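Trainee: First, the structure itself, so that you have it in front of you.
The values are calculated or read from the model by the stated rules, or taken from the named source; none is laboratory data. Note that the structure is predicted; figures quoted are calculated from it, not measured. Backbone-built Cβ (ideal geometry, glycine too); neighbour counts: all protein chains shown.
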Amino acid sequence: MNSKILTPAELNNINQKYRERSLVLTNGCFDLLHIGHIHFLAEASRLADFLLVVLNSDKSVRRLKGSGRPLYPLSERMEIIAALEMVDLVASFEEPTCRRVITEVRPDIYVKGGDYTRETLPEAETVQQVGAELKFIPLTVERSTSQIIQQIVSSHNREDEVMQ
């Protein structure tokens, strides 16, 4: 197992192990890694000493994105994110939002993409309650996993039509 990947118990004890340095936390499905994710995580990692990325569980992704998702199981998504040099720690959560993790971890900075605002972010109040700074990183590439999936499906459908 990758040493960057935290068990639930290790995540609960993160404050004792990493609090001497600043910690930035972000979360997401990271279902199909693309250039937008890379730009986002690189920028997030520059904000603090440690970048902790917490991934939605498979069940949580299905609730958010639908029955065909995630494309990869949580264990593979965690290994892929952990393999990135700019990511220091990886964990997962089951709930629909990251509120519990924010409360437990108490990051210095909580980061989300520019497709969110303080008003649309479910975790905004929790971030404020724990005294963390909330930052939004502008999207540098208009790319999403849903777009990529739709592109693949459309391309596949066109190929089927041509072959008939």
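Trainee: What pairs can you find where one residue is in segment 1-15 and loosely packed, with under 14 Cβ neighbours inside 10 Å, the other is in a helix (DSSP H, G or I) and not charged (D, E, K, R), and their Cβ atoms are less than 8 Å apart, with a gap of 6+ or different chains?
Mentor: Sorted first by the residue in segment 1-15, then by its partner, the pairs are N2/M78; N2/A82; N15/V105.
Trainee: Name the one entry in V127, V105, V87, V61 that is touching a strand residue (DSSP E or B) at 6+ places or on another chain (Cβ under 7 Å), of a type in the set (A, V, I, L, M, F, W, C) and closer than 13 Å to G28 by Cβ. Break it down into steps so the answer makes sense when it comes.
Mentor: On the way: V127 fails: closer than 13 Å to G28 by Cβ; V105 fails: closer than 13 Å to G28 by Cβ; V61 fails: touching a strand residue (DSSP E or B) at 6+ places or on another chain (Cβ under 7 Å).
The unique qualifying residue is V87.
Trainee: Quick check, is V90 in a helix (DSSP H, G or I), modelled with pLDDT of 95 or more and surrounded by 12 or more Cβ atoms within 10 Å (Cβ to Cβ)?
Mentor: On the way: in a helix (DSSP H, G or I): no; modelled with pLDDT of 95 or more: yes; surrounded by 12 or more Cβ atoms within 10 Å (Cβ to Cβ): yes.
Against the criterion (in a helix (DSSP H, G or I), modelled with pLDDT of 95 or more and surrounded by 12 or more Cβ atoms within 10 Å (Cβ to Cβ)), V90 does not qualify.
Trainee: I'm trying to understand the selection: among the residues of segment 16-27, which are touching a Leu at 6+ places or on another chain (Cβ under 9 Å) and either part of a helix (DSSP H, G or I) or of a type in the set (F, W, Y) (or both)?
Mentor: Restricting attention to segment 16-27, the residues satisfying the condition of being touching a Leu at 6+ places or on another chain (Cβ under 9 Å) are 18, 22-27.
Hit for segment 16-27 is Y18, nothing else.
Trainee: Does any residue of segment 31-41 turn out to be buried (at least 19 other Cβ atoms within 10 Å of the Cβ), out of contact with any Cys (no Cβ under 6 Å at 6 or more places or on another chain), at positive phi and in a loop (DSSP other than H, G, I, E, B)?
Mentor: Within segment 31-41 (the criterion being buried (at least 19 other Cβ atoms within 10 Å of the Cβ), out of contact with any Cys (no Cβ under 6 Å at 6 or more places or on another chain), at positive phi and in a loop (DSSP other than H, G, I, E, B)), the answer is no, since none of the residues qualifies.
Trainee: Which count do you get for residues in segment 98-108 that are outside any helix (DSSP H, G or I) and of a type in the set (D, E)? Quick ask: steps written out before the conclusion?
Mentor: Our first condition is that a residue be outside any helix (DSSP H, G or I); within segment 98-108, this holds for 98, 106-108.
Retained after the next criterion (residues that are of a type in the set (D, E)): 108.
Number of matching residues: 1.
Trainee: Output the qualifying pairs, or none if there are none: Cβ atoms under 9 angstrom, residues six or more apart or on different chains, first residue in segment 23-42 and free of Cβ contacts under 8 Å to residues at least 12 places away in the same chain, second residue of a type outside the set (A, V, I, L, M, F, W, C) and surrounded by fewer than 23 Cβ atoms within 10 Å (Cβ to Cβ).
Mentor: H37/G28; H37/R143; H37/T145
Trainee: Look through segment 109-164, keep the residues that are modelled with pLDDT of 95 or more, in a loop (DSSP other than H, G, I, E, B) and among the acidic types (D, E), and return whichever of them is surrounded by the most Cβ atoms within 10 Å (Cβ to Cβ).
Mentor: For segment 109-164, the residue satisfying everything is E123.
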